[in-house]
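The values are calculated or read from the model by the stated rules, or taken from the named source; none is laboratory data. This one's a predicted model, so the numbers in the text were calculated from it and none came from an experiment. Cβ placement follows ideal geometry from the backbone for every residue including glycine, while neighbour counts extend to all protein chains displayed.
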């Protein structure tokens, strides 16, 4: 009997990278930024992403009439571009917010690919399943010395006074978030100052508002952190509107 492998070795072992893009009726949002991150991720894995070919395939897609999920998947051997509906649960988190639990993670090894968006997402999904099993919706990873890092599939953004902040990816050794970066670049038009800085979990709990930022959710407001309820922020609809969600 001959075994049949229905996926390539690269896809089987997670030896590839991907991007999820918010596809809108007027086109893919922040496509250039996503393709640039795709290229950076591929370089960390030691191969070159086909950004121009990916852009051409995206340009050839028929337009959508409702917001959708565009995925670009690149391995050493293949390039795939797909479009799928955005799950209702994702839109619900955007509207209603999320309950978040924190969990500590150890320091990354020298070969860490935490700064790349790889296909090896098993641990990320396991983290979210663990949070849900404990009565939450999502998880916030915290460093061994108490600093907030990121969520399994999102960047953390918080508001303190008139300052809108996110975690600096290079300093923290995490994935650079495209949605968070765009929000910080635009927030001055809403009268806020955007900045990157490290924040301890204790300091984060005292923020005026906390959000998880990602391509499909846009912003999901944290409505409780480690079981402590948080008041809803009037900034949530304003910042969602600023980003076009």
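For the reader, a short list of remarks on this structure follows.
- Comparison of 68, 41, 78 shows that the only residue that is within 17 Å of the chain's Cα centre (by Cα), more than 25 Å from residue 173 (Cβ to Cβ) and not assigned by TED's automatic domain parsing to the domain that holds residue 133 is 68.
- Screening 83, 66 for residues that are surrounded by fewer than 16 Cβ atoms within 10 Å (Cβ to Cβ), out of contact with any helix residue (DSSP H, G or I) (no Cβ under 9 Å at 6 or more places or on another chain) and touching a residue at least 60 places away in the same chain (Cβ under 8 Å) leaves exactly one candidate, 83.
- Any hit, segment 70-77, residues being surrounded by fewer than 18 Cβ atoms within 10 Å (Cβ to Cβ), touching a helix residue (DSSP H, G or I) at 6+ places or on another chain (Cβ under 6 Å) and either in a strand (DSSP E or B) or in contact (Cβ under 8 Å) with a residue 12 or more places away in the chain (or both): yes
- Unmet requirement for residue 19, which otherwise passes all of (1) more than 30 Å from residue 225 (Cβ to Cβ); (2) in contact with a strand residue (DSSP E or B) (Cβ under 6 Å, 6 or more places away or on another chain): (1)
- Out of 231, 181, 209, sole residue that is surrounded by fewer than 18 Cβ atoms within 10 Å (Cβ to Cβ) and farther than 19 Å from residue 91 by Cα: 231
- Yes/no for residue 155 being under 20 Å from residue 195 (Cα atoms) and either touching a residue at least 12 places away in the same chain (Cβ under 8 Å) or assigned to a loop (DSSP other than H, G, I, E, B) (or both): yes
- Residue among 176, 181 that is in contact (Cβ under 8 Å) with a residue 60 or more places away in the chain, outside any helix (DSSP H, G or I) and assigned by TED's automatic domain parsing to the domain that holds residue 238: 176
- Output for segment 222-245, where each listed residue is out of contact with any strand residue (DSSP E or B) (no Cβ under 7 Å at 6 or more places or on another chain), under 12 Å from residue 159 (Cβ atoms) and assigned to a loop (DSSP other than H, G, I, E, B): 234
- Test: residue in segment 90-108 that is at positive phi and in a loop (DSSP other than H, G, I, E, B): yes
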